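*Asks:* Below is a structure I'd like to ask you about.
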């Protein structure tokens, strides 16, 4: 069976603990967990070490100094570069999550079940209210249950999005859908490592909020990867907080660029990163008491 590698990205130490708890409570444990940061805030490492010890969870931590603009695509690529440096099987499935999204206990198992071969698995999320976030039930997660009870409105929302994505996937088969749809949402999706490498990962020239995930989906479709829709069946629970996103998708400065033609193989991607300070990789094990020496990521 192919391996499952969970990649979590963040720029802040906030909301990390619950995501690591949820990864530690999976019915099918991931073969590795990588936390890749668009920052080198030392508080992130402290949170990762505390979570590793509390949940008995090995974590690969990747940090680099924050840049003038956020580069979440580059942070994800840094995680995959670390996987590739360890001669990871290219049939492995990489499951991408945002650090403010705690996965349901069966998330990894379902990604692996539905994500066979050349599948881009579009999963979903429940956007928790402030009250739900406050009353997040950690004991329920440990018992294999959902940490909150979604409201009828929340369930209706994911069902509506699931139906829309299925419609887009069907229209795509007959050439009647925009090149980037079904739309990839990077907070919860998975793809085979080989296919991610084929398109050279995320395009690292996308900076700031938005559209780097749309661009990746578009290029994966261009090489024949098929969309698998699991928006209502593979769930992560998004913790309530203020967002950096603009009020409208089209308000992002990257939206216009997405309308332009693009190469399948990103010019700035896995094999040719955009200029950045050398990322640092630290292997954190549950037994760690003090920080270990760090090694540069080639």
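The values are calculated or read from the model by the stated rules, or taken from the named source; none is laboratory data. These numbers were taken from a predicted model, which means no experiment stands behind them. Please note: Cβ atoms are built from the backbone with ideal geometry, for glycine as well, and neighbour counts cover all protein chains shown.
*Asks:* Taking the stated definitions as given, is residue 242 surrounded by 15 or more Cβ atoms within 10 Å (Cβ to Cβ) and farther than 25 Å from residue 108 by Cα?
*Replies:* Here the answer is no, as residue 242 does not meet what is asked.
*Asks:* Please work out if residue 231 is within 26 Å of residue 105 (Cα to Cα) and modelled with pLDDT of 80 or more.
*Replies:* yes
*Asks:* Take the residues in the range 12-39 that are surrounded by fewer than 22 Cβ atoms within 10 Å (Cβ to Cβ) and free of Cβ contacts under 8 Å to residues at least 60 places away in the same chain; name whichever of them is farthest from residue 279 (Cα to Cα).
*Replies:* By that ranking, first place goes to 24.
*Asks:* Going through the range 99-121 one residue at a time, which ones are out of contact with any helix residue (DSSP H, G or I) (no Cβ under 6 Å at 6 or more places or on another chain) and either assigned to a strand (DSSP E or B) or more than 26 Å from residue 79 (Cα to Cα) (or both)?
*Replies:* Correct list: 101, 119.
*Asks:* Just to be sure before I move on: is residue 60 at pLDDT 95 or above, on the phi < 0 side of the Ramachandran plot and not in a helix (DSSP H, G or I) in the structure I sent?
*Replies:* So residue 60 fits the description; yes.
*Asks:* Search the range 163-216 for residues being modelled with pLDDT under 95, under 18 Å from the mean Cα position of the chain (by Cα) and on the phi > 0 side of the Ramachandran plot, and hand back the single one that is surrounded by the fewest Cβ atoms within 10 Å (Cβ to Cβ).
*Replies:* 208
*Asks:* Mind listing just one residue for me: the one in the range 129-148 that is surrounded by fewer than 17 Cβ atoms within 10 Å (Cβ to Cβ) and within 15 Å of residue 234 (Cα to Cα) and, of those, nearest to the chain's Cα centre (by Cα)?
*Replies:* Among them, the one singled out is 146.
*Asks:* Kindly provide the set of residues from the range 214-223 that are touching a helix residue (DSSP H, G or I) at 6+ places or on another chain (Cβ under 8 Å) and outside any loop (DSSP other than H, G, I, E, B), ordered by number.
*Replies:* Matches in the range 214-223: 214, 215, 216, 218, 220, 221.
*Asks:* So, one more: Specify which of the listed residues (17, 53, 81, 28) is farther than 18 Å from residue 238 by Cα, in contact with a helix residue (DSSP H, G or I) (Cβ under 6 Å, 6 or more places away or on another chain) and not in a strand (DSSP E or B).
*Replies:* 28
*Asks:* Filtering the range 151-182 down to residues that are in contact (Cβ under 8 Å) with a residue 40 or more places away in the chain and not in a helix (DSSP H, G or I), which residue is farthest from residue 28 (Cα to Cα)?
*Replies:* This residue is 179.
*Asks:* Of the numbered conditions (1) touching a strand residue (DSSP E or B) at 6+ places or on another chain (Cβ under 9 Å); (2) over 13 Å from residue 108 (Cβ atoms), residue 71 fails exactly one; give the number of that condition.
*Replies:* The one condition residue 71 does not meet is (1).
*Asks:* Further question: Can you confirm whether residue 83 is under 30 Å from residue 143 (Cβ atoms) and either touching a residue at least 40 places away in the same chain (Cβ under 8 Å) or surrounded by 15 or more Cβ atoms within 10 Å (Cβ to Cβ) (or both)?
*Replies:* No: the conditions fail for residue 83.
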